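Quick notes on the structure that follows.
The values are calculated or read from the model by the stated rules, or taken from the named source; none is laboratory data. Every value quoted in this text rests on a predicted model; they were computed, and no experiment measured them. Don't worry about glycine lacking a Cβ; one is built from the backbone with ideal geometry, like all the others, and counts go over all protein chains shown.
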Amino acid sequence: MISGTITGRSKVISLFIQCMLLVKVTSVKDANNFLNVLNENSRGDFENIFELVNACNDELCSLLLEVVFTKGNNENDFIGLRSNVHSNEGIESISKEKFGFLNLGLKKIKDYNEIKDILKLITEKDYPIPFEEICSQKSFENCSIEEIEKTISFLEDEKWIIKTKEGIIEGPRAYVELLINEQFNTK
């Protein structure tokens, strides 16, 4: 029984860390929902997200990473992964750039709606989306080719999409976020 609990806790920690490595940041609400599913399926027995975060940080410490909480726009609570090089500084004193995440890193971009449209398009299709199809979307009618290419490059750098010879497909961040949103019916 004890070894099962240890194995269950280790599995929950491992899966949660893998998710955070892919997603980088998500809402605390989604993280709690994810923890509940992990606890049910893996007998993790974590009482709350804070207990899980402490256990994850024990594992991540040697990698110079940590899971932390922060507030985003509209007082939304987020949980995300960051370098722990700055962990001796209070969260409030760390700039958004140094923090490495806030609002999935997308709110910093002025073309946020276009980015959301690209992500929606690629996650709705089961095949690679050609560049021309992205350009033909209504939300891009006032954008130049260069602006669209810049947005796509940003999304590729941030692992939201992957460019292939056939077109653009969803990357690991988009895929995990889509799974979480579908599973828990959250936006």
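Couple of notes before you dig in:
- One residue stands out in the stretch 138-187 among those that are of a type in the set (K, R) and under 21 Å from N33 (Cβ atoms): the one that is modelled with the highest pLDDT, namely R173.
- Scoring I6 on the criteria (1) closer than 18 Å to I79 by Cα; (2) modelled with pLDDT under 85; (3) assigned to a helix (DSSP H, G or I) leaves a single failure, condition (1).
- Residue, nearest to L64 (Cα to Cα), within the stretch 100-137, restricted to residues that are at pLDDT 80 or above and surrounded by fewer than 12 Cβ atoms within 10 Å (Cβ to Cβ): Y127
- Residue count for the stretch 6-25, restricted to those that are of a type in the set (D, E, K, R) and surrounded by 17 or more Cβ atoms within 10 Å (Cβ to Cβ): 2.
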